[in-house]
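Derivation of every value follows stated rules applied to the coordinates shown; laboratory data play no part. This is a predicted model, so every value here is computed, not measured. Counting neighbours? That spans all protein chains shown, and the Cβs are built from the backbone with ideal geometry, glycine included.
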Amino acid sequence: MLLITCPVSQSDELVADRRIRSVVNHPTHVALSVECPACGSVHVYRTGRRWEDARRRVAEADTRSATAAATAASARAAQELTRA
Ligand SMILES: [Zn+2]
């Protein structure tokens, strides 16, 4: 059994193993093609520690660049204040 969230209906569905259409092993993750009991179409779910790590690294990089942009903006504002 497998718990999935249908991207169409946004509902959580408990799926029997026989509904798994294919399992593809990639270097970073495993892709499961699952026939959805909620909407009837096939959704792909990716699992794996390295896949999760890569996603986390991307999210952290986004946070860092947002912080750097905010720091640069406040530095510019402070410079304008000293000139005034
Ligand atoms: Zn679905």
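Brief remarks on what is shown
- Cβ-based charge dipole, the chain, positive-most Cα from 70, 32, 81: 81
- Over every Cα atom in the chain, the radius of gyration and the widest Cα-Cα span, Dmax, amount to 21.7, 71 Å.
- Taking the chain and dividing mean pair separation by its residue count, relative contact order in percent (alpha carbons under 8 Å, at least six apart): 17
- GNM flexibility winner over the chain from 55, 19, 64 (Cα, springs under 10 Å): 64
- Estimated FRET transfer efficiency (residue 11, residue 52; beta-carbon r; R0 22 Å; 0.05): 0.45
- When the alpha-carbon atoms of the range 1-47 are used, the pair Rg, Dmax equals 10.3, 30 angstrom.
- Computed FRET value (nearest 0.05) for residue 65 with residue 35, which takes r as the C-beta separation and R₀ as 30 Å: 0.15
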